[in-house]
Ligand SMILES: [Mg+2]
Ligand SMILES: [Zn+2]
């Protein structure tokens, strides 16, 4: 019996051309955000801690501006709409697994027919004086990475014996998940990680590349 295909697709830098968190920080440029990014990259703090600290630099008084900028600035990568339809036609389960934030992800995905429950992200509160990031999808007992939004916890919940697990991603939030799956579609930093660790991967520039490869390869 062949396996069922399931895709875990990143959002920032994957579905969108650029990383929206970085774009927000660059645009509003609150003092100290670059040092936090460096500490995430050199792993002296976790992704969860770093993302939380960065957004805490932004006052909620600028909420409307920040939300409008994030949504207006993002560009959806070529072929994504077709890809969503392709997955539907082929009965491939498509989950959006994002380390990004709800206030830009849901509006940007609204034009596409993706069920709400298939979208995993961090959440946010604008109740206090600064933006507070909330973590409804934290790491399970098997993950010590303190991801914030834990992709490996979600991937592990789909049995490897039953599912052909496929990840699509670009950067640090995909590193741990990529180590678990059958197939990796990678761009940017995720390509470098695969090269360093000797993992097989398919590079992609757009979602047409991914569809072509999925068509070419029979289900495992
Ligand atoms: Mg990303
Ligand atoms: Zn985790």
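Being away from ligand 1 (no atom under 16 Å from the Cβ), within 28 Å of residue 166 (Cα to Cα) and in a loop (DSSP other than H, G, I, E, B) is a property that holds for residue 43. Being surrounded by 15 or more Cβ atoms within 10 Å (Cβ to Cβ), in contact (Cβ under 8 Å) with a residue 12 or more places away in the chain and touching a helix residue (DSSP H, G or I) at 6+ places or on another chain (Cβ under 7 Å) is true of residue 40. Quick one: is residue 107 closer than 30 Å to residue 129 by Cβ and either touching a strand residue (DSSP E or B) at 6+ places or on another chain (Cβ under 6 Å) or not in a helix (DSSP H, G or I) (or both)? In short, no. Selection within the range 14-29: residues that are touching a strand residue (DSSP E or B) at 6+ places or on another chain (Cβ under 8 Å) and assigned to a loop (DSSP other than H, G, I, E, B). The member of this set that is farthest from ligand 1 (Cβ to nearest atom) is 17.
Listed here are the residues, each with its yes/no results for (1) touching a residue at least 60 places away in the same chain (Cβ under 8 Å); (2) within 15 Å of ligand 1 (Cβ to nearest atom); (3) crowded, with 19+ Cβ neighbours inside 10 Å.
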| site | (1), (2), (3) |
| --- | --- |
| 147 | yes, yes, yes |
| 164 | yes, no, yes |
| 169 | yes, yes, yes |
| 176 | no, yes, yes |
| 189 | no, yes, no |
| 195 | no, no, no |
| 199 | no, no, no |
| 216 | no, no, no |
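If you go through the range 149-162 and keep only what is surrounded by fewer than 19 Cβ atoms within 10 Å (Cβ to Cβ) and within 16 Å of ligand 2 (Cβ to nearest atom), you end up with 154, 156, 157, 158.
Rule-based calculations on the coordinates, nothing more; no lab input. It should be emphasised that the depicted structure is a prediction, and the values quoted were computed from it without experimental measurement. All Cβ positions, glycine included, derive from the backbone under ideal geometry; neighbour counts span all protein chains shown.
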